[in-house]
4 protein chains.
Amino acid sequence: MRTGVWLVGARGSVAVTSIVGAVALRAGLTEPVGCVTEHPRLRSDALPGYGDLVFGGHDVVNTALVKRAEALAAAGVVPARLVAALHSELSAVDDDVRQMPPGDTAEAVAARLCADIDTFRQKHALDRVVVVNVASTEPAIVAQSAHESLTELRRAMALPDFALPASSVAAYAAFSAGCAYVDFTPSTGARLPALHELATANRLPYAGHDGKTGETLVKSVLAPMFAMRRLQATSWSGINLLGGGDGATLAEPAANAAKSASKQRVLGETLGYVPDGNTRIEYVPGLGDFKTAWDLVTFNGFLGTAMRMEFTWHGCDSALAAPLVLDLARLTAAAHRNGRVGPLPELAFFFKDPLGATDHGLAAQFDTLAEFTASLT
Amino acid sequence: MRTGVWLVGARGSVAVTSIVGAVALRAGLTEPVGCVTEHPRLRSDALPGYGDLVFGGHDVVNTALVKRAEALAAAGVVPARLVAALHSELSAVDDDVRQMPPGDTAEAVAARLCADIDTFRQKHALDRVVVVNVASTEPAIVAQSAHESLTELRRAMALPDFALPASSVAAYAAFSAGCAYVDFTPSTGARLPALHELATANRLPYAGHDGKTGETLVKSVLAPMFAMRRLQATSWSGINLLGGGDGATLAEPAANAAKSASKQRVLGETLGYVPDGNTRIEYVPGLGDFKTAWDLVTFNGFLGTAMRMEFTWHGCDSALAAPLVLDLARLTAAAHRNGRVGPLPELAFFFKDPLGATDHGLAAQFDTLAEFTASLT
Amino acid sequence: MRTGVWLVGARGSVAVTSIVGAVALRAGLTEPVGCVTEHPRLRSDALPGYGDLVFGGHDVVNTALVKRAEALAAAGVVPARLVAALHSELSAVDDDVRQMPPGDTAEAVAARLCADIDTFRQKHALDRVVVVNVASTEPAIVAQSAHESLTELRRAMALPDFALPASSVAAYAAFSAGCAYVDFTPSTGARLPALHELATANRLPYAGHDGKTGETLVKSVLAPMFAMRRLQATSWSGINLLGGGDGATLAEPAANAAKSASKQRVLGETLGYVPDGNTRIEYVPGLGDFKTAWDLVTFNGFLGTAMRMEFTWHGCDSALAAPLVLDLARLTAAAHRNGRVGPLPELAFFFKDPLGATDHGLAAQFDTLAEFTASLT
Amino acid sequence: MRTGVWLVGARGSVAVTSIVGAVALRAGLTEPVGCVTEHPRLRSDALPGYGDLVFGGHDVVNTALVKRAEALAAAGVVPARLVAALHSELSAVDDDVRQMPPGDTAEAVAARLCADIDTFRQKHALDRVVVVNVASTEPAIVAQSAHESLTELRRAMALPDFALPASSVAAYAAFSAGCAYVDFTPSTGARLPALHELATANRLPYAGHDGKTGETLVKSVLAPMFAMRRLQATSWSGINLLGGGDGATLAEPAANAAKSASKQRVLGETLGYVPDGNTRIEYVPGLGDFKTAWDLVTFNGFLGTAMRMEFTWHGCDSALAAPLVLDLARLTAAAHRNGRVGPLPELAFFFKDPLGATDHGLAAQFDTLAEFTASLT
């Protein structure tokens, strides 16, 4: 069950933390803290082992993985001792990280991506490859008729002026190369009817989107609490301060809007109504790779008594995301092997804006995930 | 299905808020916000309606309910307009609140309590009565051989120097009078083998204990979140600042210890290990009837990265507890009618330290509660 | 020393709370909590007494003051018992609140305002009147040549298409009527060279601007703490959630920008550098008349160790502002009587963006204020 | 102006961080962040330079300083690169750290301490030595008649069963050796009439006590804010969670009481009344060398409106204390050189419970400190 994990954005913080962690797990130098698939209810022989995962990917930059890992160590994201101990393993992965190819058309770029993935699969004699998008968040897109069917999409991709988001080009390439696809970001990725058509035609599963790493994770247990107790949230406001690379991207109004909408969705769908308030994202370079989120919930109890709760979450997104990337690679590879096709709503536990699922309560999502994992052979 | 609700501590804040609320609901002057049995998954015709509930009880003080309700209105716990509108209804309930009787022996006191409950039942032609303890928290007790069997307990209760906690005397009286019993406090109540024997002999159900109104409620969703995500809590510390009547009681070291242990239990049982840290209770009169709890959780993620979360909960205990008292009265009465005998672990959702239940995750407790409610006829 | 207080925005929350409070103080029904001029170092016979203050003003709406006060009581801003007890006093003030006059030119409007103030002064035989702007925040304005001199301004005010902010029209009218002027908002008000010329010509003092009621007040003591301790703030970010009438106004991007800039200024000027981060203002109707601000400060200590502090401020702006309005009226009236002309930088203690003052440390501002008050006769 | 800094508790976290920092400053490897004497208003040629400070001291343990520094680096308190770069300098200091001597009587111990300090002074040809106590906090003591005069104290110290706190033995030894003494802890130290007599006789200054590093620092600016604004604090409660070595000591009820009293004092003396509430100290090993404090202040504004503020302070005590130790050594040495005798109330800025000073407002304390520093030659 040798499984390739092809990371789009392979030199980004999430990807590098995932690679360092997987290599350290294989070497027995760390414990799988934060890996959901280690939960007693989820452990399964149907999933490839950490030692079976082989990493490669694309990126627009080409700084060596070791340099990127050292930068993360300096920022307190990964332990310096691990990076020092794993130099040669990280350099080996470096050989499988390709520069994101240029091309005159989306078709040409996709063909290059597809060829890179194929080369990777053959070189390592992999049973299958899961493509995981951990690149920077893209702005939300405008729907176009070319997105509606595979025929139309292919016609458009051959034209030099057709703009398809990089995440969707990556999904197209993944499906064309016979790979499952996971979108860990809020970008468009596989969420176009044409791409669903391609995945279905090639009998491939896909999952997403937008990894639930911090504030939304907390919301996904607090909102059900208010709902179960019939307490009426009169407002729910939040702010996310983040300093990492993604912060600068998300501070762009368009990306910010995409991410914020994804973050508030859990409230409306869990509570049955949308309380006043917004979720803001602010880029604060001084915070480095850590993120601080603060939420205020005001609510009414019996006889209208006004009450309130606040929480602050201070976390490192890369350290929270990386074990989930490993979980998703293992689960999606197993789903592929089990013949699952199309979206995987059973993986909603991992996502802020899960495909095809409507229950945003974390506990219910966990039950679904456990049943799903148990069904895999 | 006319159902009596006999409150031990009937002039305390929780009891008075419950009575004002029930009377207001009957009069159509308020909505059942905070009533769990209003959740779509829990609504059931098997439960007595709010209008079917008739209130009475015991207390050591005898301030008129209207006076107590006005004091709560001044403190912002209940709306002044409701108290003003419900004067006569509250006065009517006052007729059914008896002074806690004196007596030379526990046996004598219990007999008086039992007689009061009987009189109440007959006066109002009630199908059944649920006794709910909402009196002040008692210190934890030392186990005695007299607690072990009904025969021994009865022998001891006849002796003038045998000290049985008031909550257990109340449970004894309730069971003797053929009533179900609910303990909303962390006091001993029905949790003695001898009392279990009595409940079983008289074919009665009981539930408890220690209503989950604030910080522990939040813990019961956050601890499962850390567990499901395999994040390792290195410490979990909390402080509860409260100014109400119960604050002074809980500040007593013995009661404090009882309550704190009950509050940390959820962590060990949910996480599978006990993180460093304690839960403190402080009496701060200046806070009035509101309570502020603050918790700090430090945790490790992937590769040992240290992270943290804090929350502040600012609530009014009486407003949070009162709708649960109505829920528990309705559910326990229905359980009694359905022939349930002994502890009701299905009501774990409501309690910090539930009888006979070990899953402290709120979502799982809710599922259990929903199934239980659906099974009632 | 009978002193008029002419409020621009006289039916707004701040104004009504100020009026209710002053009338209650006169009637001996409350204590001057939150009145800075009650501090032992500031008490002075040179200031008019609360009983000497007579209220009037302009507003665009004409809801009765009693109605407005009742609404504030329902929202928890003022005690209902005070409003009930002071009906006739509030009605008496109502007679002196005029509808904001229409007019084809700024000149015409100013003439009407001026006449209203004159009538008020004569009716009550007042020694002097202080005009205080507590109307909604206006957007920041673009500088124009007509603002530069009184001659040019007067020429422009006669033209129908010349747009002068309402706060500046009010300042013009105040100065024309021989009154001191205080701007409690971040609006332009008296801050135009032409209006300074008018104040100086008429021998009048003025003060402002933007009352320091919440988050900025806290910043004005915390920023000096970091500066005195030579701790290096790497980021300082804040969010203000507010639900009152001003919230909707401030959520407008232009007004938001004006207010936010005013709020961050204290940092740069106190620390000597500007840390990363912004101050956001969000309108959250569900919060009612209360405001919650949250700030995160990250800082480095010795040898670069990273540390952090957060604070949450939950306050009622009207209750915080009203006593300062009384303080400012008393102090500015006394300054006028003492022959002070032009801006009063000694009142910097009260303002986020004080006129002519650069020390934003609260303790230093208080010392300056105490010396100023002691100098008044 | 070569100045010795003799640290009691020289292998503790505060001492080691101070030594690493001073050595790094001398080597030009770091900036004096957190050093108050670097403030433009405090810079003075009358103070010895960082390069003039020579370190030595006593401790009960004898782990090498380099080992202790490496442990602090692993805990994130000091940068690993500094420790690596300063190995030889730290080893050199190690030669001047003596084991705390045993002795049958306090007199014998003091004589040994005194001799060690003398040797240190001569070895390094120091102009003067400042003894600074940074050892673990001791329990509060019971007053004894032997504390009242130097004659009585000396008589008692010769008896084998007379228990004098280690901090007072150290102060006795310091004064006997002709050294100024600073108490950075809440221990008794020089605060005995007999020791004051000795300091005065030997013409020596002393300062203390209890360095103001975290929560109390914040209180010392917030309490004056409430006082200046005449806002009425109805409660002020705090909790300090700390995991370092001192945490275990402070969790002992007696030491806890000493420290807590010192922490609440600032409130009573600044506000003029003591609000409800306490300050708790909890030992939470999982927090390591960092400390998290949370405070809740509830307050009333105009017309009794209830409001609240909270703050969380997350700091590293050693990193906060170390630069102050350097400041105090420099200032006290200069005071000694300038002929100052007895307590130095002008150093109140640095302490929770300052000797002979009553103004607990940080800004006033800073002004006093600046004047004092300017007066030194």
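The values are calculated or read from the model by the stated rules, or taken from the named source; none is laboratory data. In this text the structure is predicted, and so the values were computed from the model without any measurement. Counting neighbours? That spans all protein chains shown, and the Cβs are built from the backbone with ideal geometry, glycine included.
Values as computed for the structure displayed
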| quantity | calculated |
| --- | --- |
| Qualifying position, being touching a helix residue (DSSP H, G or I) at 6+ places or on another chain (Cβ under 6 Å), modelled with pLDDT of 95 or more and surrounded by 19 or more Cβ atoms within 10 Å (Cβ to Cβ), among B:LEU126, B:LEU47 | B:LEU47 |
| Check on A:ARG98, surrounded by fewer than 21 Cβ atoms within 10 Å (Cβ to Cβ) and either in a strand (DSSP E or B) or within 14 Å of chain B (Cβ to nearest Cβ) (or both) | yes |
| Residue ID - surrounded by the most Cβ atoms within 10 Å (Cβ to Cβ), chosen from residues in region A:305-349 that are of a type in the set (Lys, Arg) and assigned by TED's automatic domain parsing to the domain that holds A:GLY21 | A:ARG330 |
| Candidate set: region A:162-187, residues that are of a type in the set (A, V, I, L, M) and in a helix (DSSP H, G or I); chosen: the one surrounded by the fewest Cβ atoms within 10 Å (Cβ to Cβ) | A:VAL169 |
| Subset tally (residues that are assigned to a loop (DSSP other than H, G, I, E, B) and of a type in the set (A, V, I, L, M)) for region B:314-354 | 2 |
| Matching entry among C:ALA10, C:ALA15 (being within 28 Å of D:ALA227 (Cα to Cα), in the same structural domain as C:ARG340 (by TED's automatic domain parsing) and surrounded by 24 or more Cβ atoms within 10 Å (Cβ to Cβ)) | C:ALA15 |
| Looking only at region B:275-329, and only at residues there that are acidic (Asp, Glu) and at the interface with another protein chain (Cβ under 7 Å from one of its Cβ atoms), the one that is farthest from D:PRO285 (Cα to Cα) | B:GLU282 |
| Residues within region C:331-376 that are within 17 Å of the chain's Cα centre (by Cα) and of a type in the set (Val, Ile, Thr), tallied | 1 |
| Selection count, region C:355-377, where residues are surrounded by fewer than 20 Cβ atoms within 10 Å (Cβ to Cβ) and not in a helix (DSSP H, G or I) | 6 |
| Only one of A:PRO165, A:PRO186, A:PRO193 that is more than 30 Å from A:ASP289 (Cβ to Cβ) and either touching a Ser or Thr at 6+ places or on another chain (Cβ under 8 Å) or of a type in the set (Val, Ile, Thr) (or both) | A:PRO193 |
| Helices (runs of 4 or more DSSP H) (entirely within region D:1-89) containing at least 2 residues that are at negative phi and among the basic types (Lys, Arg) | D:65-74 |
| Leading residue by the ranking (surrounded by the fewest Cβ atoms within 10 Å (Cβ to Cβ)) among those in region C:188-219 that are of a type in the set (D, E, K, R) and on the phi > 0 side of the Ramachandran plot | C:ARG203 |
| Single condition A:VAL218 does not satisfy, out of (1) part of a helix (DSSP H, G or I); (2) away from every other protein chain (no Cβ under 14 Å); (3) under 30 Å from A:ARG68 (Cβ atoms) | (2) |
| Per-region count, region B:188-215, residues in a strand (DSSP E or B) and either without any contact (Cβ under 8 Å) to a residue 12 or more places away in the chain or in contact with a strand residue (DSSP E or B) (Cβ under 6 Å, 6 or more places away or on another chain) (or both) | 4 |
| Flag if D:VAL36 is under 16 Å from D:LEU328 (Cβ atoms) and assigned by TED's automatic domain parsing to the domain that holds D:ASN338 | yes |
| Which listed residue is β-branched (Val, Ile, Thr), facing chain D (nearest Cβ under 10 Å), over 30 Å from C:ASP367 (Cα atoms) and in contact with a helix residue (DSSP H, G or I) (Cβ under 7 Å, 6 or more places away or on another chain), from C:VAL36, C:VAL77, C:VAL109, C:VAL93 | C:VAL77 |
| A:VAL131 vs. criteria in a strand (DSSP E or B) and crowded, with 20+ Cβ neighbours inside 10 Å | yes |
| From the options A:SER149, A:SER176, A:SER167, residue that is in contact with a strand residue (DSSP E or B) (Cβ under 6 Å, 6 or more places away or on another chain) and in contact (Cβ under 8 Å) with a residue 12 or more places away in the chain | A:SER167 |
| Residue within region B:226-235 that is of a type in the set (Ser, Thr, Tyr), at pLDDT 70 or above and either more than 24 Å from B:LEU303 (Cβ to Cβ) or assigned by TED's automatic domain parsing to the domain that holds B:ALA363 (or both) present | no |
| Of all residues making up region C:149-161, the number that are part of a loop (DSSP other than H, G, I, E, B) and at pLDDT 95 or above | 3 |
| Qualifying residue in region C:140-147 (condition: in a loop (DSSP other than H, G, I, E, B), surrounded by fewer than 24 Cβ atoms within 10 Å (Cβ to Cβ) and modelled with pLDDT of 95 or more) | no |
| Filtered residue count, region C:274-307, keeping only those that are in contact (Cβ under 8 Å) with a residue 40 or more places away in the chain and in a loop (DSSP other than H, G, I, E, B) | 7 |
| Output for region B:129-168, where each listed residue is farther than 30 Å from B:ALA248 by Cα and in contact with a Gly (Cβ under 6 Å, 6 or more places away or on another chain) | B:VAL129 |
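Conditions tested, residue by residue: (1) touching a residue at least 12 places away in the same chain (Cβ under 8 Å); (2) under 22 Å from the mean Cα position of the chain (by Cα).
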residue	(1), (2)
B:MET1	yes, no
B:VAL20	yes, yes
B:PRO48	yes, yes
B:GLY57	yes, yes
B:ALA84	no, no
